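Report on one structure; see the data block that follows.
Only the coordinates and a few stated rules stand behind these numbers; no lab work does. No experiment lies behind these values; they were computed from the predicted model shown. Don't worry about glycine lacking a Cβ; one is built from the backbone with ideal geometry, like all the others, and counts go over all protein chains shown.
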Ligand SMILES: Nc1ncnc2c1ncn2[C@@H]1O[C@H](COP(=O)(O)OP(=O)(O)OP(=O)(O)O)[C@@H](O)[C@H]1O
Ligand SMILES: [Mg+2]
């Protein structure tokens, strides 16, 4: 490798840095003011590419392309404003995770809307008119458009800087970032300010997408693939800091460029291909930055941010009625395989629903009582699944030891390692770090073809012996799910669980009364991960095969949706939320061609009608009815 | 008494399930400076917040310049000319003095009888608070408590209010600043502004207020002329001194 090659890649990195900056900066601005982590940011970016594609191909020529970029920006800004007005405005007071759920529903709806309008083919846009050539630099050819892109990032940064520092709108944004209630008391219409901020952030996403058109085809996977990148930029740069966002984009892009420039190298006799690191480079950077500077490169510890959310209520132990109900449900579940004579699908669906219940309960354990919002819970599910699958395929173990020993152990190891880092952070930063670890696991599984089978995964891992019978496997799943749920439930109401909740509600006070905050959180993280590993193992044998999709960020998000559907504040929430989500998804996939949109709309209705989750709302109504009954007529 | 600018009838307020204010009623005339007194936790700040619309759960009637404001969002209340100065100052620490003032800026307004209300500009405010004029580009986070106190008052005045809800401006600042606050309030009164001043310190209230209401545990227990309260040591002992 020559110095020239390295320099050339470094220049390339500048162009990528601009793209990355545009992906993240809008999200950062939106988060800064509204405190909402907009999961739909990738969807807005995706819309930007598609709209630019349509303009470029239908209008055509230089106007179609360059005008299309302007049109995409404005149109996506308008869509962002609409999302804020129709949806988010109603839920600013809802718990943080509810807002996440709502924006995730938008992801689903936009995804199907895009599919409906543009179809599922990848669409490759034209090259930029006037910039189709290349320039010779350092003996290599660099596309003119890439050179243009190098300047776009800094130019947008300057414009935003001017906007924030020199205009009244910018001042209001900065003031609202700190204390929106006070801004309102000074006569500023927050609702309008928030709409404009959303429009700005969305417009930046649209611009980023549109500018990417000549560099990559428009496709339907962009929305979720991008959200990871966007989070990394925001978190590494520091929430709400635009300069930080550019710095983060620059560092990540340059490290990736360096990895590509290094290529295959032989170090101490071991050959290693550095370009493979590009998939995980940004997440490694994020992990390192968050550990060294927990609030990002340019971020500040956010002590006194005034929010509007209502504090969470404590969980209560089940009353007699709930216990009776649970008994009846359990009895029905035990006899369910008998129904398979009439409805063979019952056991298959039942297994999926039970596994979802265990998965959701393990996630709820760290989210609800633990107060740690994990965005990467699929990692432990995947570790369990791959652990069990590979133990059978490569290790020659039989089903039971693979399921009961290897799956939980693999997840335990991962949770212990990642958890140790995660409990050092809190809030959104912790959530992002869990996401990063999830992506790292995914990348390793995806790339380590010789061991994990890469994108093909591991096939032929059906349960052996007696368990080959679906009904018997179903009963095993039921037994393990019930034990897992009961175990975590017992922990929640045990002294350890009380300590955990004390830590969640007030870490400082908990530390002051002698609780070892990090240790408690770490143990909770490990417990949840280990139980989740069992769910993953059960899943592997239920499906007979495992693919990297088992670990994908999509599954982590599904888990969050399950937990929120059930409601955070009740222990029984995830036990209902998990199966309910699975049932909804399963029914919708088979009955509705645009099932994502349908699911998204169902979630939106739930968010708007049951702001405390299904179980939470039922509890709320029961309380309301009881109060009414107590009052004299 | 002149025409009423703000009248509050049977105001109740809750924090969650906790009932804090009980049927609070009060009245402020044009150009009047009225004290709202009471011990720590009596409900002074809660009254001001509830008037402003900053408390979710409240009931009762609040009329400002002849308009019912009891269901309005805080920003709409502010836009009618009701200024609010919070007790904990709530300066935007990342913004400079000038920028803080700009956030508070609103168009000039008139009284309900059509006469123009006082108009505030940065120059006038810097004349009123020379300390601020000396540091227009200083970030709010790098100012002393007293300077922040002046800034929070000045920021609210930038909205050209007709009436200011002023929450304990004397709390936790040096005697020099307290004295300056007295002068400021006197100057505002001369401009014709009405002020509802939440205050524990009777000497401060005495220096600037015409009338007083005294709160105890969310109930108004005493009301009358400031002079009468000064003379009534019995009431002072029962409701004010610690
Ligand atoms: N955010 C809140 N949540 C719950 N209760 C509150 C809250 N703020 C105040 N309170 C309670 O309401 C009551 C009245 O408080 P308020 O702040 O109005 O008193 P105050 O008269 O302004 O006292 P001080 O002189 O200390 O400022 C107190 O009992 C207080 O504990
Ligand atoms: Mg107070």
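Miscellaneous remarks
- Spin-label zone in the range A:378-416 - amide nitrogen under 20 Å from a point set 7 Å from the Cα of residue A:466 along the C-beta vector: A:397-406
- Compactness of the range A:463-546, taken as the C-alpha radius of gyration over 2.2 N^0.38 Å, stands at 1.47.
- Degrees, to the nearest 10: A:595-609 long Cα axis against longest axis of chain A: 70 degrees
- For A:336, B:181, B:135, order by how many other beta-carbon atoms lie within 10 Å, fewest first: B:135, A:336, B:181
- 0 to 90° range, to nearest 10: angle between helix A:242-262 axis and chain A longest Cα axis: 90 degrees
- Counting only Cα atoms, the size of the range A:3-292 along its three principal axes is 64, 50, 36 Å, in decreasing order.
- With neighbour counts taken as other beta-carbon atoms within 10 Å, the residues A:595, B:120 rank, fewest first, as A:595, B:120.
- Partner shielding of A:184-197 amounts to 6, given as the average count of beta-carbon atoms from other chains within 10 Å of each residue beta-carbon.
- A simple spin-label model places the labels of residue A:63 and residue A:291 5.6 nm from each other, with each point 7 Å out along Cα-to-Cβ.
- Residue A:271 versus residue A:165: modelled label distance in nm, points set 7 Å from Cα along the beta carbon direction: 5.1 nm
- Cβ-to-Cβ counts within 10 Å put B:137, A:4 in ascending order as B:137, A:4, the fewest first.
- Alpha-carbon Debye profile of the range A:345-625, log10 I(q)/I(0) at 0.09, 0.10 Å⁻¹: -0.40, -0.50
- Residue list for the range A:112-148, given a label point 7 angstrom along the Cα-to-Cβ vector of residue A:4 and an amide N cut-off under 19 Å: A:134-144
- Antiparallel DSSP beta bridges within chain B, percent to nearest 5: 60 percent
- Share antiparallel - DSSP beta bridges, the protein assembly as shown, percent rounded to 5: 65 percent
- 222 nm mean residue ellipticity, helices alone, for the protein assembly as shown (DSSP H n ≥ 4; -39,500 (n - 2.57); rounded to 500): -19500 deg cm²/dmol
- Available extension along the chain between residue B:124 and residue B:68 is 17.0 nm, counting 0.36 nm per residue and deducting the alpha carbon span.
- Between 0 and 90 degrees, the angle of helix A:427-447 with respect to the longest Cα principal axis of chain A falls at about 90 degrees.
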